[in-house]
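Enquirer: Input: one structure, supplied below.
The values are calculated or read from the model by the stated rules, or taken from the named source; none is laboratory data. What you are looking at is a predicted structure, and each value in this text was computed from that prediction instead of being measured. Note: ideal-geometry Cβ built from the backbone for every residue, glycine included; neighbour counts use all protein chains shown. Just the protein is used for accessible areas: all its heavy atoms, side chains included, with ligands, DNA and RNA removed. Shrake-Rupley method; radii C 1.70, N 1.55, O 1.52, S 1.80 Å.
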Amino acid sequence: MCGIVGYVGESKAAPLLLDGLRALEYRGYDSAGAALMEDGAFTIVRRAGRVEQLSEPLAQLHSAAKIGIAHTRWATHGAPTEINAHPHISADGRWAVVHNGIIENADALRAELETLGIAFDSETDTEIIPQLLGRVSGFEDAEQGTPLDVLLDVLPLLEGSWALGILCANAPDKLLCACQGSPLLVGEGEDGLYLASDYAAFGENVHKVYRMTDGEIGVLTRDGAAFYDSRGQALTKPAEEFSHREQGGGKGSYTHFMRKEIDEQPLAVSRTLEQFFGGALHAAAAGDFRLPCQLPHSPRKVWLVACGSAYHACVSGKYVIEELARIPCEAVVASEFRYQYPLIGEEDLAVFVSQSGETADTLAAVREASARGAATLGVVNVAGSAIARACDAVLPTLAGAEIAVATTKAYSAQLAVLYALALHFAKEQAHEEPEFEEALRRLPESIQAALSTEDAAKAAAEQIAGADHAYFIGRNLDYAAALEGSLKLKEISYLHSEAYPAGELKHGTISLIEAGTPVIALACCERLLPKTAANIREVAARGARVFAVCARGNGEHWGTDSVISLQATHPLLMPSVEVIPLQLLSYHVARIRGCDIDKPKNLAKSVTVE
Ligand code: F6R
C-alpha cells in the first residue's frame with residue numbers, strides 16, 4: 001500500500017528518492033510524487049500511474065536539492081489522479097506533506113477550514129494536514145514557532161493513523177516526521193538521513209535504522225536525527241544495525257517474482273518447519289517435535305484470524321486443529337472479528353496470521369482479542385512487524401521476502417505453522433499422531449513433487465483463459481484449497497471466479513453453469529470422494545468443463561474433461577499439495593491474458609488501512 005521515502009544530507013535528493021520509490025513499488029500503488037526543497041522553495045512532481053513516470057520529469061529538473069520527500073499512493077479518499085497524488089501543499093505554499101494511513105476526522109476538519117476560507121485542491125484526507133500546519137503557523141507570527149512546535153499543535157487535532165514526512169519552507173534544512181499506527185523508519189547513512197515506511201526502501205548507504213513508535217516525532221537534518229515524544233520532550237532512541245540486501249534476491253532467470261516464489265515453496269516450508277524439529281527435518285540429529293515458544297496449555301477454543309489468503313490458510317487450519325487435536329476452532333476474517341463482539345476470553349488462544357505483519361484489520365483484531373483477555377499468537381513473515389510486536393508470542397513463517405503481490409510461498413509457510421500448531425495441541429491431549437508427524441517432516445518433498453504438475457496446469461490454463469467466469473468446488477479441506485485457488489485466479493488474471501463447498505452449488509449458483517463453464521473441482525479429500533464425485537457429475541451433466549485436481553489416480557471416470565494428478569500425502573496435509581497446481585494455473589491464465597502478474601491492478605502487498 002502507500003509508501004514514504006525522504007532524504008536530507010550531502011547528496012542530490014532526486015535520484016535517491018526515485019530509488020526508494022522503486023524499491024517500494026512491490027507494495028502496490030496507483031500514483032506517485034515527490035517534493036524537493038531548495039533555498040526554501042518547493043518543486044513538486046506528481047503523476048498518476050507508475051513510479052517510472054516520475055523519472056523523466058525529475059531528471060529534467062536538474063535539481064541540486066539535498067532534501068526531499070516522496071510517496072507512492074494507493075487511493076482511499078479520492079481517485080488515483082495526479083491532483084490527489086502526494087505530496088500535498090498548504091494553501092500558503094509553506095508546507096509539503098506525504099502521508100500513509102487515514103485521517104478519520106478529515107471531513108469535519110475540512111469543513112471547519114473551508115469556513116475559514118481555505119480552499120482545498122484535492123479530494124484526499126491527507127491534504128487536511130498541510131492545511132492545518134499552514135493555518136496553525138499562520139495564526140501566530142510564523143517566525144515565532146519552530147516547525148516542531150507547529151506540528152506538536154497540529155497532531156492532537158488528528159484522529160486516525162499516520163506516518164508523515166513533512167517539509168517546511170521556513171526551515172529549509174529540516175525534514176520532519178511523525179507516526180501513529182503506521183510504520184515509519186529513519187535510516188542513518190554515510191551521506192545523510194533517510195526516511196522510509198519500509199526497510200525495503202533503504203539502499204546500501206544505510207547502516208543504522210531507528211524504528212519510530214506511536215506518538216513520536218523526528219526532526220532530521222544533515223547533522224543528525226533528534227526524536228521527541230508527543231509533548232515535545234527529547235527522546236534517546238536506540239538504533240538497529242542494518243545491512244542492505246536485494247529484496248527477494250532479484251528475479252534471477254524468472255520472468256516474474258510470482259513464478260520464482262512458487263518454486264521457492266519447498267524451501268520456505270522446510271525452513272519454517274525446521275523450527276519445530278530442532279534443525280534439518282531428516283538429519284540424524286533432527287530433534288523431537290517441540291513448539292519454539294510458550295503458549296497457554298490446552299485453550300478452551302482457538303481463534304484463527306486473518307485476511308485474504310492468510311484467512312484461507314486459517315480455514316484449512318481450523319479443519320486440521322479440530323480433527324487432530326479435538327479443540328474447538330474458529331477461522332474468522334479479521335475485519336469481521338473486530339466488530340462482531342467476539343465471545344473470546346481468558347481461556348482462549350487467538351492466532352493472527354499475516355505475511356506482512358502490518359495488515360490494519362488483523363492488527364486491530366489483535367488489540368481487540370488482547371483487550372478481551374485472550375492469549376495472542378502471531379504467525380508472521382516479517383520479523384519485528386507491528387503484529388509480531390503486538391502479540392504475546394510469535395511463531396514466524398520463514399518464507400523470506402515475498403515480492404509478488406499475490407502470496408504463494410508465505411501462504412504455504414502459514415499452512416505449515418498451523419499444521420505444527422495442530423500437532424502440538426494433539427500431543428498435549430496425548431493424541432500421538434506418528435503418521436501425521438512423519439508426513440509433516442516430508443511436506444517439502446510433497447510440495448516439490450506437486451511442482452511437476454506445471455504442464456498439466458498450463459494445458460488447463462489454455463482452455464480456461466478465454467472464459468468470463470470460473471467456479472472452484474470442493475468439500476472440507478478441498479473447499480479451503482478452493483477458496484485460495486479462486487482468489488489466486490481472480491486477483492492476478494481478472495477472470496471472475498467463485499469458490500463453493502461442492503455440495504452447496506446446487507442451492508443456487510448451479511443456475512450459472514452452462515455449456516463450457518470451467519469448473520475446477522478439488523477432490524483430494526479421500527473420505528468424501530464419492531460425495532465430491534457426485535457433485536462433479538452434476539455440473540458435468542449441465543455442460544461444465546470440469547478440471548479435476550485429484551490424488552491416487554482418481555477422477556478419470558467422473559465426467560471430467562481433464563485431471564491434474566497429484567501424489568498423495570497425509571489427508572490433512574493435502575491443502576499444501578493441491579494449492580500448487582492452482583497457483584500454476586492462475587499464473588498461466590494471467591500470463592496468457594497479458595496481465596501484470598507481480599503487480600495486479602488495485603492491489604497492495606501490505607494493506608495498512610481498514
Ligand atoms: C492474496 C494476498 C492477500 C493477503 C492479505 C493479507 O494473494 O496476498 O489476500 O493474504 O492481504 O495480507 P497479510 O498476510 O500481509 O496480512
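Enquirer: Based on DSSP, what percent of beta bridges with both residues in the chain are antiparallel, to the nearest 5?
Expert: Percentage antiparallel, nearest 5: 60.
Enquirer: Carbon and sulfur together cover what percent of the accessible area of the chain at a 1.4 Å probe radius?
Expert: Of the solvent-accessible surface of the chain, carbon and sulfur hold 48 percent.
Enquirer: Based on the Cβ-Cβ distance from ASP263 to ILE592, what FRET efficiency comes out when R0 is 22 Å, to the nearest 0.05?
Expert: 0.65
Enquirer: If you average the alpha carbon positions of the stretch 256-311 and of the stretch 15-53, how far apart do those two centres end up, in angstrom?
Expert: The two parts, judged by their Cα centres, are 38 Å apart.
Enquirer: Return the tail of the calculated pair distribution for the chain, meaning the percent of Cα-Cα pairs more than 37 Å apart.
Expert: 39
Enquirer: Additional query: Counting only heavy atoms of protein chains, what accessible area per residue, in Å², does the chain have with a probe of 1.4 Å?
Expert: I get 38 Å² per residue for this part.
Enquirer: Using the Kirkwood radius over Cα pairs, work out the Stokes-Einstein diffusion coefficient for the stretch 3-247 at 4 °C and 1.567 mPa s, in µm²/s as a whole number.
Expert: 74
Enquirer: Which log10 I(q)/I(0) values does the stretch 362-465 give at q = 0.23 Å⁻¹ under the Debye formula, counting every alpha carbon as one identical point scatterer?
Expert: Treating every Cα as an identical point scatterer, log10 I(q)/I(0) equals -1.24.
Enquirer: Oh, and also: Sorted from largest to smallest, which semi-axis lengths in Å does the alpha carbon gyration tensor of the stretch 134-233 give for its equivalent ellipsoid, taking the root of 5 times each eigenvalue?
Expert: Calculated on Cα positions only, the semi-axes equal 24, 16, 10 Å.
Enquirer: Sorted from largest down, what three extents in whole angstroms do the Cα atoms of the stretch 449-598 have along their principal axes?
Expert: The Cα atoms of the stretch 449-598 stretch 39, 36, 23 Å along the principal axes, largest first.
Enquirer: Let me ask another. As an exercise, find the ratio Rg/Rh for the stretch 260-441 from alpha-carbon atoms, using the Kirkwood inverse-distance average for Rh.
Expert: Ratio of gyration radius to Kirkwood radius for the stretch 260-441: 0.95.
Enquirer: Starting from the amide H of GLY181, placed 1.01 Å from N in the peptide plane, find each other amide H under 5 Å away whose residue is 5 or more places distant or on another chain.
Expert: TRP162, ASP214, GLY215
Enquirer: Using alpha carbons only, how many degrees (0 to 90, rounded to 10) separate the axis of helix 409-428 from the longest principal axis of the chain?
Expert: 60
Enquirer: Mind listing the Cα extents of the stretch 152-208 along all three principal axes, in Å, largest one first?
Expert: Its Cα atoms span 38, 28, 13 Å along the three principal axes.
Enquirer: Please give the FRET efficiency for SER243 paired with ALA449, using the beta carbon to beta carbon distance and R0 = 51 Å, rounded to the nearest 0.05.
Expert: That pair, SER243 with ALA449, gives E of 0.90.
Enquirer: Hey, can you rank 338-348, 214-224 by average C-beta count inside 10 Å, highest first?
Expert: Top of the packing list down: 214-224, 338-348.
Enquirer: Tell me which residues come under 5 Å, amide H to amide H, from LEU291 once H is placed; ignore anything under 5 positions away on its chain.
Expert: Here nothing satisfies the definition.
Enquirer: Counting helices only, and only those DSSP H runs with n ≥ 4, report the 222 nm mean residue ellipticity of the chain as the sum of -39,500 (n - 2.57) divided by its residues, in deg cm²/dmol to the nearest 500.
Expert: Per the formula, -10000 deg cm²/dmol.
Enquirer: Taking the 0 to 90 degree range and rounding to the nearest ten, how far is the long axis of helix 454-464 tilted relative to the main principal axis of the chain, both from C-alpha atoms?
Expert: Approximately 80 degrees, to the nearest ten.
Enquirer: Using only Cα atoms and rounding to the nearest 10 degrees, what angle (0 to 90) does helix 529-541 make with the longest principal axis of the chain?
Expert: Result, in degrees: 80.
Enquirer: On to the next question. If r is the Cβ-Cβ distance from ALA280 to GLU204 and R0 is 45 Å, what FRET efficiency results, to the nearest 0.05?
Expert: Step by step, r from the Cβ atoms, then E = 0.85.
Enquirer: Report the label-to-label distance for LYS251 and GLU322 in nanometres (one decimal), using points 7 Å from each Cα along the Cα→Cβ vector.
Expert: 4.3
Enquirer: Further question on the same structure: If I model a spin label as a point 7 Å beyond the Cα along the Cα-Cβ vector, how far apart are those points for HIS431 and ALA383 in nm?
Expert: Inter-label distance under the simple model: 3.4 nm.
Enquirer: Can I ask one more? Could you work out the pair-distance distribution P(r) of the stretch 266-357 from its alpha-carbon pairs, with 10 angstrom bin width and percents rounded to whole numbers?
Expert: Final binned percentages: 15, 38, 35, 11, 2.
Enquirer: Assuming 0.36 nm per residue, please report the length gained on full extension of the stretch ARG231 to ILE83 beyond their Cα-Cα distance.
Expert: Contour length minus Cα-Cα distance gives 49.9 nm.
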